[in-house]
Amino acid sequence: MAELAKRRLQSKIPLPEQALTGLVREHHRRLLALQLAYINFLDEQIEALSGEITRCLTELSAEEVPTQPPASLAAADGAATPATPGEPLTFTRAIALLDTIPGVDRRGAERWVAETGVDMARVGTATRLAAWVGVAPGNDESTGKQRSGRTRPGNQPLRTVLTQLAHAAAHTKGTYLSALYHGLAARRGRKRAIVAVAHSMVVSAFYMFVRQETYHDLGATYFDEQRRHHVVDRLMRRIEQLGYHVHLEPRPMTAS
């Protein structure tokens, strides 16, 4: 059991071996057997439900699902341009698309699609979808004063799923969602940063469904690239405060 240690615990294997050494009596074995039997029971239930979900999704995918928004909604606030008419978006395809978002696994994608469906024509715009889920920024302003920025309750089951997925995305490495979380968490707090990440994921999913395209990550350096001169000036000031002199040489432009 000590050899199952991971990460930093691997360098401390003698300590787990010492902690796991002891007398295992008959009643200990009986309790361990009950716990293992319960874990096996849960695994069997999860496997059975996963098989049933896969079967239902296969049946639903066989049905045609309209994906092109009406003209009135396509011209509304931020509506995406539909992809070239072709094969309709199926539930199986939608789950595969969501699975390309950092932090989203297949089970989370299935719960996501179960709440929103794949027909974005009923929603119209990404802004409306985010508001319906409950991850859109609050807007409570009166006489020029910004009062509350709390989000609306929205769809509680989906919001719970998105919060979990946003936490997973925030801990990925070298991704836009991770950079978004860490940039906002330092200034606005972790909870607001998680909601912002969930909002970004919902907006991305809307356009992915409409265009039937996989997720395109902007990269961890996206915000630094947008504020390149500000980042360079700030870092230069910090280096000069340490007593160094920095001389920047222009880098030759490369043809794109």
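The values are calculated or read from the model by the stated rules, or taken from the named source; none is laboratory data. Computed from a predicted structure; not experimentally measured. When we count neighbours, we look across all protein chains shown, and the Cβ atoms used for this are built from the backbone with ideal geometry, even at glycine.
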Query raised in the report: Is one or more of the residues making up the stretch 153-170 in contact with a Lys or Arg (Cβ under 7 Å, 6 or more places away or on another chain) and surrounded by 12 or more Cβ atoms within 10 Å (Cβ to Cβ)?
Result: yes
Query raised in the report: Residues of the stretch 97-130 being over 14 Å from the mean Cα position of the chain (by Cα) and surrounded by fewer than 19 Cβ atoms within 10 Å (Cβ to Cβ), which ones?
Result: ALA114, GLU115, GLY117, ASP119, ALA121, ARG122, THR127
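Yes or no, residue by residue, for (1) surrounded by 20 or more Cβ atoms within 10 Å (Cβ to Cβ); (2) out of contact with any helix residue (DSSP H, G or I) (no Cβ under 9 Å at 6 or more places or on another chain); (3) touching a residue at least 60 places away in the same chain (Cβ under 8 Å):
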| position | (1), (2), (3) |
| --- | --- |
| ARG187 | no, no, no |
| ARG190 | no, no, no |
| PHE206 | yes, no, yes |
| ARG228 | no, yes, no |
Query raised in the report: Does ALA79 satisfy the condition of being at pLDDT below 85, part of a loop (DSSP other than H, G, I, E, B) and within 25 Å of VAL161 (Cα to Cα)?
Result: yes
Requested in this report: Consider ALA205 carefully, then state whether it is more than 12 Å from ILE101 (Cα to Cα), assigned to a helix (DSSP H, G or I), among the hydrophobic types (A, V, I, L, M, F, W, C) and in the same structural domain as ASP105 (by TED's automatic domain parsing).
Outcome: no
Report summary line: Residue set LEU49, LEU32, LEU9; condition at pLDDT below 85 and in a helix (DSSP H, G or I); output residue LEU9
Query raised in the report: If you go through the stretch 208-240, how many residues are farther than 28 Å from ILE95 by Cα and either assigned to a helix (DSSP H, G or I) or at pLDDT 90 or above (or both)?
Result: 17
